[in-house]
1. Determine which single condition residue 172 fails, assuming it passes every other condition in (1) more than 14 Å from ligand 2 (Cβ to nearest atom); (2) assigned to a strand (DSSP E or B).
2. Looking at region 271-319 only, could you name the residues that are outside any loop (DSSP other than H, G, I, E, B), under 17 Å from residue 329 (Cβ atoms) and within 16 Å of ligand 2 (Cβ to nearest atom)?
3. Criterion first (within 16 Å of ligand 1 (Cβ to nearest atom) and without any contact (Cβ under 8 Å) to a residue 60 or more places away in the chain) does residue 103 satisfy it?
4. Would you mind finding the one in 178, 148, 121 that is among the acidic types (Asp, Glu), buried (at least 24 other Cβ atoms within 10 Å of the Cβ) and closer than 20 Å to residue 64 by Cβ?
5. Could you run through region 222-270 and say how many residues are more than 29 Å from residue 373 (Cα to Cα), out of contact with any helix residue (DSSP H, G or I) (no Cβ under 8 Å at 6 or more places or on another chain) and in a helix (DSSP H, G or I)?
6. How many residues does region 175-217 hold that are within 16 Å of ligand 2 (Cβ to nearest atom) and in contact with a strand residue (DSSP E or B) (Cβ under 7 Å, 6 or more places away or on another chain)?
7. Which count do you get for residues in region 7-18 that are among the aliphatic types (A, V, I, L, M) and at pLDDT 90 or above?
8. Failed condition for residue 217, given (1) assigned to a helix (DSSP H, G or I); (2) under 15 Å from the mean Cα position of the chain (by Cα); (3) more than 12 Å from ligand 1 (Cβ to nearest atom), with all others met?
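The values are calculated or read from the model by the stated rules, or taken from the named source; none is laboratory data. Quick caveat, the model's predicted, so the values are computed rather than measured. Cβ: placed from backbone, ideal geometry, glycine included. Neighbour counts: every protein chain shown.
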Amino acid sequence: MTIPVSTDVSAVSRVPVSLGERSYEIVIGDDLLSQAGTYLKPILRSSRVAILTDENVAPLHLERLTKSLGEVGIDHISIILPAGESSKSLATYEKVMDQLLEAKIQRDEALIALGGGVIGDLTGFAASTLRRGIDFIQIPTTLLSQVDSSVGGKTGINAPQGKNLIGAFYQPKLVLADVGLLSSLPKRELLAGYAEVVKYGLLGDFDFFGWLEANGPAIIQGDITARIKAVEKSVKAKAAIVAQDEREGGVRALLNLGHTFGHALEAETGYGPYLNHGEAVAIGIIMAAELSVKMGLLSGQEGNRIHSHFQSVGLPQKVPNIVGLSWQSDRLLDHMRQDKKVSAGKLTFILLKAIGNAFTTQDVAVPDVLDVLTIELSSAN
Ligand code: NAD
Ligand code: MG
């Protein structure tokens, strides 16, 4: 008897997330969406699911998913939400819960998130609360959601008081990261996700950073093999950190490299169209690197290497010029002081001792922070 050998099996990579009985797998490959039914069938406890997606993703990718589910006898309902951060709201959550209950989605049925981080966070939170918790599956469609938000179980929505303030730690049953879906992603969104990819190299993996230096432009241009490897390395890094520290008591904080500065930039620009999260993180990483150099932790040479890599892939390094906004270091410092990572009035920074070696510290002099901000803001694009 000959054993059938699938020709593309080597292209599929599986990364386990080890969290005891909440463990699950991240499957990474090309065109997984067309085979979603095959991947989901063994995971699902019944033969009906509710798919949540957005108005941009639905016309591009929803049909392939529903066809594949149909092929293995899984029924579905679809809920298509407006695209964008505004869907991570209490109002949308209420509408979604209403539709799920109207459709009589039962406890043994499941939700599928087909979309970026907005859909993933909202769906995960809906799943965590519907009938006290039903299964959910992530099919992330942006680079950011494939390398970051779909992994680790943080789910939630925004409150008028701030981002992600209502939510739960709730792990999916499976993550299907189909890098083929990224071919329809706008370049700006792709780069936003790449900022998080490079973050993993910088915070803990010197070799991965070196690999990104060689392969970053190919990843941006659409090389499928390079994209699979970049997603695989990224989720392995995140999964390893989450397995050690699911609820962010310690090492998980390293994932915030670039985020203390980045969140301040986002807050100052009002989470508007001028600066998206990944762009803010990219500039925030540069600021964290500059602060590390200023404090004598990171060599200037390594600092320059980071700048060169950002340049080679097209990641932003400077804040944009925005009409009506005058960048001021003390205003950014104020935003940092509002950050949820502030404890006992002390700012927490993730800094670099070297490329691939980040650490958390509260031992930072405010004048140094202000100096770095002043220099970085003075040369707005
Ligand atoms: P997003 O979900 O808004 O997607 C970005 C844009 O791309 C949207 O307009 C979307 O419609 C569109 N899009 C998605 N997939 C597409 C595709 N394949 N082709 C074409 N267009 C596509 O944003 P995002 O950047 O994916 O996620 C951001 C959200 O993720 C934020 O709300 C953030 O708070 C959250 N987040 C969560 C975590 C976590 O751990 N849970 C981590 C990081 C970020
Ligand atoms: Mg982030």
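1. Against the list (1) more than 14 Å from ligand 2 (Cβ to nearest atom); (2) assigned to a strand (DSSP E or B), residue 172 comes up short only on (2).
2. Passing the criteria: 280, 283, 284, 286, 287, 288.
3. Here the answer is no, as residue 103 does not meet what is asked.
4. Matching residue, one of 178, 148, 121: 178.
5. Qualifying residue count, region 222-270: 5.
6. The total comes to 3.
7. Residues flagged as among the aliphatic types (A, V, I, L, M) and at pLDDT 90 or above within region 7-18 amount to 3.
8. (2)
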